[in-house]
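**Student:** To start, I am sharing the structure in question, which I have written as structure tokens.
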Amino acid sequence: MPTREHDCDHCRHWTFSAAEVSGAESLAATLDALPEITRAARERRGLSVRAAGDEIGISFSTVSRCENGHPVDAEVAAKILRWISKQPGGDQ
């Protein structure tokens, strides 16, 4: 959790721990790689885009857009990452 640099109610100067910064950088890197990660996970499982969408709980067109590098919202990214983590060979 961020901490205030000084105890001033109206001031919004925050500092972050190294772990918080590292975690944010790791999340950003994962989201940047989401298209490749998604395609690799789907292909490793031998699924079509439509079948992957059914398993994830999103439309096949959203899977396709993600794999082609179009941005997805946080809820969709979370669904995809949960699905990937449940796959054989995925990080548990």
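What follows draws every value from the coordinates through simple rules; no lab data is involved. Bear in mind that the values here come from a model prediction, so they are computed numbers and not experimental data. Every residue, glycine as well, gets a Cβ built from its backbone with ideal geometry; the counts of neighbours run over all protein chains shown.
**Student:** When the dipole is taken about the Cα centre of segment 32-92, and only Lys, Arg (+1) and Asp, Glu (-1) are charged at their Cβ, what size is it in debye, to the nearest 20?
**Tutor:** Once rounded to the nearest 20, the dipole reads 200 debye.
**Student:** Taking 7 Å along the Cα-to-C-beta vector as the label spot, tell me the ASN68-THR15 distance in nanometres, rounded to one decimal.
**Tutor:** Rounded to a tenth, the inter-label distance reads 4.8 nm.
**Student:** Short version: ³J(HN,Hα) in whole Hz for each residue of segment 36-44, in order, from phi by Karplus 6.51 cos²θ - 1.76 cosθ + 1.60 (θ = phi - 60°), x for Gly and Pro, what are they?
**Tutor:** Karplus-based 3J(HN,Hα) across segment 36-44 equals 5, 4, 5, 4, 4, 5, 5, 5, 4 Hz.
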